[in-house]
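Take a look at the structure set out below.
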There are 4 protein chains.
Amino acid sequence: MIDFQNVIDTIHHNLKDEVFRGLVANYIPELADIDAQNLGIHLRLLDGQTFATGDWNKKFSIQSVSKVLTLAMALPMYPENLWQRVDVEPSGNPFNHLSLLELENGIPRNPLINAGALVIADILVSLLKNPKEDFLNYVRNVVDDPTIAFNLKVAESERLTGYNNYAAANLLKAYGNLENDVDDVLDFYFHQCAIEMTCEQLSKAFIMFANHGACCLKTNQLSPSQAKRINAIMLTCGFYDEAGEFAFEVGLPGKSGVGGGIVALLPNHFTIAVWSPGLNMKGNSLLGMQALEQFTTMTKLSIF
Amino acid sequence: MIDFQNVIDTIHHNLKDEVFRGLVANYIPELADIDAQNLGIHLRLLDGQTFATGDWNKKFSIQSVSKVLTLAMALPMYPENLWQRVDVEPSGNPFNHLSLLELENGIPRNPLINAGALVIADILVSLLKNPKEDFLNYVRNVVDDPTIAFNLKVAESERLTGYNNYAAANLLKAYGNLENDVDDVLDFYFHQCAIEMTCEQLSKAFIMFANHGACCLKTNQLSPSQAKRINAIMLTCGFYDEAGEFAFEVGLPGKSGVGGGIVALLPNHFTIAVWSPGLNMKGNSLLGMQALEQFTTMTKLSIF
Amino acid sequence: MIDFQNVIDTIHHNLKDEVFRGLVANYIPELADIDAQNLGIHLRLLDGQTFATGDWNKKFSIQSVSKVLTLAMALPMYPENLWQRVDVEPSGNPFNHLSLLELENGIPRNPLINAGALVIADILVSLLKNPKEDFLNYVRNVVDDPTIAFNLKVAESERLTGYNNYAAANLLKAYGNLENDVDDVLDFYFHQCAIEMTCEQLSKAFIMFANHGACCLKTNQLSPSQAKRINAIMLTCGFYDEAGEFAFEVGLPGKSGVGGGIVALLPNHFTIAVWSPGLNMKGNSLLGMQALEQFTTMTKLSIF
Amino acid sequence: MIDFQNVIDTIHHNLKDEVFRGLVANYIPELADIDAQNLGIHLRLLDGQTFATGDWNKKFSIQSVSKVLTLAMALPMYPENLWQRVDVEPSGNPFNHLSLLELENGIPRNPLINAGALVIADILVSLLKNPKEDFLNYVRNVVDDPTIAFNLKVAESERLTGYNNYAAANLLKAYGNLENDVDDVLDFYFHQCAIEMTCEQLSKAFIMFANHGACCLKTNQLSPSQAKRINAIMLTCGFYDEAGEFAFEVGLPGKSGVGGGIVALLPNHFTIAVWSPGLNMKGNSLLGMQALEQFTTMTKLSIF
C-alpha cells in the first residue's frame, strides 16, 4: 500500500526551495504577475480518496489544458465527423505548426495543438446555442462546482495579442476547415483558455478520462472507447514537442498549459494535477514535469 | 531594325484563337466574370515609340503587379531600413510561404511574395499621411494619367475572402514585423491590388525600371542603383515558383498578377505589358507567358 | 476471466478470408514471394500461458521490429550517452526523414526510425567484438532458441538496393553521428533486419518489455526504468507516421516491420505477435493492425 | 570608354590589404593550405582584349564552378531529356537540400546545386566513353589549353570525406534518378570539381556563355538558346542561397566555388574571373563578391 500523502509531501519538500524554477509566461500582464513560488499538487484516486499539498487550492489559468475538455465535450456530440477535420498524429515539429497546416491542406495534426483546438472550438460554436456559457456550464458540471469562471481580463488580453492564433484561424478558414467567423471562434477559444481552476478542481475535471468516460454528467458522457482515445491523444500529443519526453520520463497521459498547470492520469487508478507557474524551454511547467517524474518513479505507477 | 508592330501582331495572331487558355481566377466574382478571350499587348520603347495590338486598351486588375510599384514608392523614402525587414532571396517553395516566415523569424523572403508585400504595405501605411490616396496619386503621376483608380468592389471582395493574407499579416504581427494594425495594413494592401490599368498604362508605369529610375515624378524617384536592384528582384522573384522558368524561357525582369497581367522590361530598351486573363497552374497568365516567350525568341532581345 | 483462445480464434476467423489484404513488400524478391494469405497470432501471458492460431509457427523477416531489440541490447551497455545521440520524440513527418536530420544537426528523432536505428547499430558495432554474431546470440538468448538465424539472401538483397539507408548513414556520418565506416554499420543493419522469427518466437522476445526488463538473459538485462522507457518509445514512435493512429485504435506499445509482423504488449500482462504480410499505405501490416484493434476492443485490455 | 585596367587595379588596391578576408575552406587539407592573401582578377572582352591584376595566373581548384561546364557539355548531347531529370528553379532553402529532393520525388531543383550536378554527372557518365578524360578534354578544348588538369589529391580527399555527396547520390538512386553506380558518378563528380585553373583560363572557359554559345569547340557547341538558358540558371541559382543577393548587388550571371573562384559575365560584352580563397558565411568568396560588386558599380555594366 502506497502512502500517497507522504509521496506528494516528499515531492513538495524536494522542489519547494528549488532556485531554478523556469520563466513565468509573460506575454500578457495577467500571467506575468503570478508568483513563481507557487507549487501545488492534488491527487485523486478513483475510489474517492484525495491527497493534497502546497498551493493546491489557489486558482490559476488552465490555458491549453482546456483543449482536452473542449474535445471531451465535442466528441460525443459530433462523433462521426470530428476526425475528418482533425488528425490524431503527433505534430513532431515545434517550429512550423502553420507550415504543417499548409502541407496537409488545413487538417491539423491533432486536437491538442492550437490549430486543432481551434477546429474543435469551431465545432462547439456551431453546435452550441450559447457557446461560451454552455462550455462553462459543462466544465462546472464535470467538476460539480458552479463557482468555476472565466478570467475575463485574461481572455481580453489574449484577444489583443494573440496574433499567432489569428494567423492559424485565418489559415484554417482559407482551407475551408472553419465554419464560423474567425472572430467568433477566437472569442470562444480565448475564453476557454481563460478558465481558472485550482489543482483540486482540475483533478476532478479529468476523473472521467481515468474512469472510462463516467463522471457526474447526466448527458453527453464519453463512451469508454472515446475516453480511451482521448487518453491516447494526450499521451502522444499532450506536451507540444516534449510529448515523447513526457511519455519517456513520466509515462502517463496528460496535458499542460502555459499557466503552469499539468494534469495527468492513470486509467482505472487516479488523476493528478500539479501547478507551478515557471515554464521550461518547451512551454511546460518546469517543476510540474519534475514533480510528476518523481511521482511515477516513487510509486512505480505508470502505463508502461 | 526590328519591325516591332509585325512581331506583336504575329504573336497576337498565333495566340488569339488558342483553345487552351488556362483558368480565369475565380475566387472573387469580379475576377471570375472577365472574358478569357481578351488578349492585349503594349510595347513601349525608351525613345517613346509604342506598339500595340489586341485588347491593349481595356482595364484589368493589376493585383500582384502592384507589389513592384509599392516597393518603388517605399524604397527611396525608407532606403536604410527596408532591407532589414524583408530579404531579397527567391522563396523557392510554393507550398509553404507561411512556414518560411516561421523558420526565418518573420522576415519574408522577398518583397514580391505576399508576406513581403505586406511588410512594404506596412511601411507605406506608416510613412504616408493618406496611404491609399497617396499611393494612388503616386501611380497616377508615374503613368501621368489621373484617371487611374481603384476598383472598390474588387478591394471589398478581397477583404471578405482574403483569409490567407489575414493569416500572413497576423503572423508578421506576431513576429513584430508589422507596425500598424493588421486591418489597416490589409485595407491598404487590398486596395493596392485592386488598381485597374490598361496594357498601355502598365507599360508606362514600368518605364522607370527600364530607365535607371528616371520617370515623370518630380520627387521620390528611384536612384539608378535602386532601379537596378528592383529589376534583380523581379528577375529572381517576380513569378512565384515559376521565376526560374520565366528567366529560363523569357529572360527579362517582370511581374505577373492573378488578373492576368504581366509586365516585363529590358533595361535601356523597352517595357512590354501583356494581358490575358487565363492562368496556368502556377497562377501566371498562360498566354501572357507564351507571348513573352515568343517575343524574346523572335526579337532575340533578353538580358541573357 | 477472458477466454483468450476463443478471442484470437474469432479474430482469425473474422480476417482469414478478407479479400483486401494490402500489398506485400516487393522491393526485394525475398519479400515479394511471401504468400499474402498467411495470418498468424501468438499471445503469451506473463504467467507462461500461450495461445496461438493460424500461421503462428511460420518464419518471417522481422525487419524493423529488430530496432527494438538492438535498442534493448545497447541501452544497458551505453546508458549514459545513447540519448545524446538519438532523441525520443515522434518524427511527425513521414515525407522527409532526411530533412529532419538536416534541420536537427544529425540527431535522429528517435531510435525506431531508420536514421535512429542506424545510430544504435553504430553503437553496437563499436561495443561488440563480433557485432552480427553477438547480436544474433543476444536474440537467441532472449528467446531461448538457438535456431534463430539471419536470412542471408534478404540481407544481401537489402545491401544491393538499400539506397535510402545508404543516404541516411552517409548523412549521419557527415554530421559526425556515426563512428564506424558506413559500410560496416549498414552491413550490421541489413543483417539485424534479416533475422527471421515465428510469431511464437517474437512474442517470447518481447516478454522482457512486459516484465520490467526481466527475462532469461544472465547479463545485460534492462532495468525496470529502461524497459518502461522503451515501451514509451514504442507507443509514441513504433508505427512510423501511424503511431498516433495505433495508440488511438489499439492503445498498446508495439512495433511493426515491412515483413508484415507486429508485436505489441501490455505491461504486467502479455505480449502478442501477429503476422500478415500485406501492408497498408503506411507500411504496417493491414490485417495485423485490424487483428490488434479487434483484440483490444474484445478484451478491453489496453494501457489507456 | 571605360579604362578597364584602371578599374580592376583600383579594385585590387581597395581589397588587397583587407583584414577580414573570410575563412578558407578547410574540410580537406589541400584546400586548407591555400594562402588567404591571394587575390586575382582577369577580365576578358568579347573583342579579345584582356585585363589582369594580382594573382590572376595562379592555379586554384574550380570546385562548383565546374557544374556550369558539365551542364554546357551535357546539354547539346542530351537536349530533350535533361530537363526531365533536373528543374530550373532556385532552391530557396539552404538548410535542407536533401529534404527538397524528398519532397519533390528526386528531381533536383536546378543543375547548380549538388544534387542537380550529380544528375548531370550521371548523364555524362552514361554518354561518354571515358567520362573523366573526355570531360577534361572538353575543358581543355574550350580554353584551348592542354595543360589544364585534375588535382588528384583533391579528388581523393573529396572521395574520402564527401559523405553529404554520397548521401545525395544514394537518395537520387533511391528515386531512380541515377542510372549509373553511385561510386562511378561520385568518382566523376569529385574529379570535375578537382580541376584547377587560373583566372585567365576561367575567363576563357566562360566566353561561350557571353558569346551566344560560340567558342573554339568544333563540335557540341551550345546553341544561342542553350547559352541564354544557362545564363538564366546562373543568375537565379549560381550562388547557393545568396543568388538573390548576388543578382541584387552585382547583377551578372555567374558561378562560385568553395576554392574561392567566381566567374561572371555580361552577354555580348565580357567575362570576368576573380579568385580569393576566403569564403563568407554562405560559402562564396568574400573578397570576390566585393570585387564584382565594385566592378559593376564602377563600370555600370550589369544586365539590369
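The values are calculated or read from the model by the stated rules, or taken from the named source; none is laboratory data. If you're wondering where the values come from, they're calculated on a predicted model, not measured in any experiment. Please note: Cβ atoms are built from the backbone with ideal geometry, for glycine as well, and neighbour counts cover all protein chains shown. Surface accessibility is based on the protein's heavy atoms, side chains included, excluding ligands, DNA and RNA. Shrake-Rupley method; radii C 1.70, N 1.55, O 1.52, S 1.80 Å.
Given the rule -39500 (n - 2.57) for each run of at least 4 DSSP H residues, summed and divided by the residues of the protein assembly as shown, what is its mean residue ellipticity at 222 nm, to the nearest 500 deg cm²/dmol?
Helices in the protein assembly as shown give a 222 nm mean residue ellipticity of -14000 deg cm²/dmol.
In segment A:212-299, what trypsin sites (Lys or Arg not before Pro) fall in a loop by DSSP, with at most 12 other Cβ atoms inside 10 Å?
Loop-located and lightly packed - A:LYS218.
Separation between the B:LYS16 and A:LYS16 pseudo-spin-labels, each 7 Å from Cα along Cα→Cβ, expressed in nm?
The answer from the label model is 9.1 nm.
Using the Cα centre as the reference, give the magnitude of the dipole from point charges on the C-beta atoms of segment A:95-231 (Lys, Arg: +1; Asp, Glu: -1; all else neutral), rounded to the nearest 20 debye.
Roughly 440 debye, rounded to the nearest 20.
Read phi for every residue in segment A:62-78 and hand back ³J(HN,Hα) as whole Hz from Karplus 6.51 cos²θ - 1.76 cosθ + 1.60, θ = phi - 60°, with x for Gly and Pro.
Coupling constants for segment A:62-78: 7, 6, 5, 4, 4, 4, 6, 6, 5, 4, 5, 6, 6, 4, x, 7, 8 Hz.
Can you return the lysines within cross-link range of A:LYS16? Criterion is Cα-Cα under 17 Å, with same-chain partners fewer than 8 residues away left out.
Within reach: A:LYS58.
Of D:ASN165, D:ASN81, D:ASN231, which is the most mobile in a GNM of chain D whose springs link Cα atoms less than 10 angstrom apart?
Largest GNM mean-square fluctuation: D:ASN81.
Provide the FRET efficiency to the nearest 0.05 for the A:ASP9-A:MET281 pair, computing r from the beta carbons and using R0 = 35 Å.
Working from the Cβ atoms, E equals 0.75.
Show the residues, 5+ positions off or on another chain, whose built amide H is closer than 5 Å to the amide H of A:PHE60.
Here the answer is A:MET197, A:THR198, since their amide H atoms fall under 5 Å of that of A:PHE60.
Give the share of C-alpha pairs in each 10 angstrom bin for segment D:144-197, from 0 to the last occupied bin, in whole percents, shortest bins first.
Pair shares across the bins are 25, 45, 23, 7.
Could you pull the Rg and Dmax for segment A:17-68, using just the Cα atoms, both in Å?
My reading of the Cα-based Rg and Dmax gives 13.7, 40 Å.
What do you get for GluC sites (Glu not before Pro) in segment D:1-100 restricted to DSSP loop and a cutoff of at most 16 other Cβ within 10 Å of the site's Cβ?
Of the GluC sites (Glu not before Pro), the ones in loops of segment D:1-100 whose Cβ has at most 16 other Cβ atoms within 10 Å are D:GLU18, D:GLU80.
Please give the charge dipole size of chain C, origin at the Cα centre, charges +1 on K and R Cβ atoms and -1 on D and E Cβ atoms. Round to the nearest 20 debye.
Rounded to the nearest 20 debye, it is 480 debye.
Any idea how far the Cα center of segment D:1-42 sits from the one of segment C:234-289, in Å?
60
Given the convex hull over the Cα atoms of segment D:1-138, what projected area results after averaging over all orientations, in nm²?
Directional mean of the projected Cα hull area for segment D:1-138 stands at 12.0 nm².
PRE reach from D:ASP144 (point 7 Å along Cα→Cβ): which of segment D:213-235 fall under 13 Å by backbone N?
Of the residues in segment D:213-235, D:215-218 have backbone N under 13 Å from the label point off D:ASP144.
Going through the cross-link list A:LYS173/C:LYS282; B:LYS59/B:LYS282; A:LYS173/B:LYS129; B:LYS204/D:LYS282; C:LYS204/C:LYS228, which pairs have a Cα-Cα distance over 27 Å in this structure?
Beyond 27 Å: A:LYS173/C:LYS282; A:LYS173/B:LYS129; B:LYS204/D:LYS282.
Hey, got the Cα dimensions of the protein assembly as shown along the principal axes, in Å, largest first?
Computed over the protein assembly as shown, the largest-to-smallest principal extents equal 98, 68, 61 Å.
In Å² (nearest 100), what accessible area is buried between B and D, both sides summed, heavy protein atoms only, 1.4 Å probe?
2800
With springs connecting C-alpha atoms under 10 Å apart, model chain C as a Gaussian network and identify which of C:GLN221, C:GLN290, C:GLN63 has the largest mean-square fluctuation.
Of C:GLN221, C:GLN290, C:GLN63, the Gaussian network model singles out C:GLN290 as fluctuating most.
With θ set to phi - 60° and the Karplus curve 6.51 cos²θ - 1.76 cosθ + 1.60, what are the ³J(HN,Hα) couplings of segment C:107-122 in order, to the nearest whole Hz, using x for Gly and Pro?
9, x, 4, 6, x, 9, 8, 3, 4, x, 5, 5, 5, 4, 4, 4
Give me a comma-separated list of calculated 3J(HN,Hα) values for segment C:15-20, in order, Karplus coefficients 6.51, -1.76, 1.60 applied at θ = phi - 60°, integers in Hz, x for any Gly or Pro.
So the Karplus estimates, Gly and Pro as x, are 9, 5, 9, 3, 7, 8 Hz.
Calculate the FRET efficiency for A:ASN81 and A:MET1 from the Cβ-Cβ distance with a Förster distance of 45 Å, rounded to the nearest 0.05.
Rounded to the nearest 0.05, the efficiency is 0.45.
How large is the Kirkwood hydrodynamic radius of segment C:4-299, in angstrom, based on all distinct alpha carbon pairs?
18.8
For B:LYS132, which aspartates and glutamates qualify as cross-link partners when the Cα separation must be under 19 Å and same-chain residues fewer than eight apart are set aside?
Within the straight-line cut-off, B:LYS132 pairs with B:ASP122, B:ASP144, B:ASP145, B:GLU156, B:GLU158, B:GLU179, B:ASP181, B:ASP183, B:ASP184, B:ASP187, B:GLU196.
Identify the trypsin sites (Lys or Arg not before Pro) of segment A:120-174 meeting these criteria: DSSP loop state and at most 10 other C-beta atoms within 10 Å of the C-beta.
Hits after loop and neighbour filter: A:LYS129.
Based only on the alpha carbon positions, what is the Kirkwood hydrodynamic radius of segment A:228-304, in angstrom?
Final number for the Kirkwood radius of segment A:228-304 is 12.0 Å.
Among A:ALA214, A:ALA121, A:ALA72, which one shows the biggest mean-square fluctuation in a GNM of chain A, springs joining Cα atoms closer than 10 Å?
Per the Cα network of chain A with a 10 Å cutoff, A:ALA214 tops the list.
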